[in-house]
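First up is the structure itself, then whatever we jot down about it.
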Amino acid sequence: MPFPIEEKLVVGITSSALFDLKSEDHIYRRKGLKAYRQHQKEHKDKVLSTGVAFPFIKRLLSLNDHFEEQPIEVILLSKNDPDTGVRIFKSIEHYGLNITRAGFLNGKSSHKYIDAFNISLLLSANEEDVREAVSENFPVGLILEDVIRDDSSDTELRIAFDFDGVLIDDEAEQAYAKNESLEEFQDHEKEKVAVPHNEGPLANFLKKLAYFQKKEIEREENEPDYKRILQIAIVTARNAPTHE
């Protein structure tokens, strides 16, 4: 039986977040689009190095190994055109990632396609695109440039969520910024204690992850040898971190 589409977890990833494209980006900025495309075509058989978001995507997709319905899908969103995207898909195949769907956007911003693909989280390395998406309240995360230190023997997927402005809206943060007083902020929170917060941009992403965590906990209870993959933490300045 197919997994219900409304419950399926879809994550979008840009090519520059999944793979290391710094040298290619340098060619684009120094020599222009034509030179960039030519470079990608000439190197279409050369596998790209993994990017900062690669370990997260690999572990996320590994959850499908434990669900017959294959409820998690990762979609590649690239500013490349389909011709220069050949190298990216060959790299995906080389690393054994189960990514079969992609949108090649010919320079367009990837967050414009979030609703069309039913994406719960989009990860991008383009700060300008992410700022624009966040201003429009899209569920987007910025991948920061860093050195990858991944232990391939560690199969756990650990995800921490900030509470204010991420899982709920930023009303509380706005109240603090307006008053610039912790005491007035706390008074505001007390007045609103019976009023539920509006959902933040990543609330839907957490809800779907929580479903998989629940299933893993049930399996762990029934199969003593089963080792959970997914670990979730919610961090808030209101109280101590909450682990689920």
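The values are calculated or read from the model by the stated rules, or taken from the named source; none is laboratory data. Quantities reported herein were computed from a predicted structural model and do not represent experimental measurements. Glycine also receives a Cβ, built like all others from the backbone with ideal geometry; neighbour counts cover every protein chain displayed. Accessible surface areas use protein heavy atoms only, side chains included; no ligands, DNA or RNA. Shrake-Rupley method; radii C 1.70, N 1.55, O 1.52, S 1.80 Å.
Arg131 fails exactly one of the following numbered conditions: (1) under 19 Å from Ala53 (Cα atoms); (2) out of contact with any helix residue (DSSP H, G or I) (no Cβ under 9 Å at 6 or more places or on another chain); (3) in contact (Cβ under 8 Å) with a residue 12 or more places away in the chain. What is the number of that condition?
(3)
Among the helices (runs of 4 or more DSSP H) confined wholly to the range 47-160, which include 2 or more residues that are farther than 22 Å from Ala233 by Cβ? Step through it out loud before you land on a result.
Details: elements: 54-62, 86-94, 127-135.
Fully inside the range 47-160 and qualifying: 86-94, 127-135.
Let's see how each residue does on (1) open to solvent by 60 Å² or more (accessible area, probe 1.4 Å); (2) modelled with pLDDT under 75; (3) more than 16 Å from the chain's Cα centre (by Cα):
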| site | (1), (2), (3) |
| --- | --- |
| Val166 | no, yes, no |
| Asp187 | yes, yes, yes |
| His197 | yes, yes, yes |
| Gln213 | no, no, yes |
| Glu223 | yes, no, yes |
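Which of the residues belonging to the range 46-63 are free of Cβ contacts under 8 Å to residues at least 40 places away in the same chain, in contact with a Leu (Cβ under 8 Å, 6 or more places away or on another chain) and open to solvent by 20 Å² or more (accessible area, probe 1.4 Å)?
Correct list: Lys58 only.
How many of the residues in the range 111-128 are within 18 Å of Asp20 (Cβ to Cβ), open to solvent by less than 80 Å² (accessible area, probe 1.4 Å) and out of contact with any Phe, Trp or Tyr (no Cβ under 8 Å at 6 or more places or on another chain)?
Total meeting the criteria: 3.
Got a sec? Which of His43, His66, His39 is modelled with pLDDT under 90 and open to solvent by 20 Å² or more (accessible area, probe 1.4 Å)?
Exactly one of His43, His66, His39 is modelled with pLDDT under 90 and open to solvent by 20 Å² or more (accessible area, probe 1.4 Å), namely His66.
Can you tell me which residue within the range 69-91, out of those that are over 13 Å from the mean Cα position of the chain (by Cα) and within 30 Å of Ile217 (Cβ to Cβ), is surrounded by the most Cβ atoms within 10 Å (Cβ to Cβ)?
Pro71
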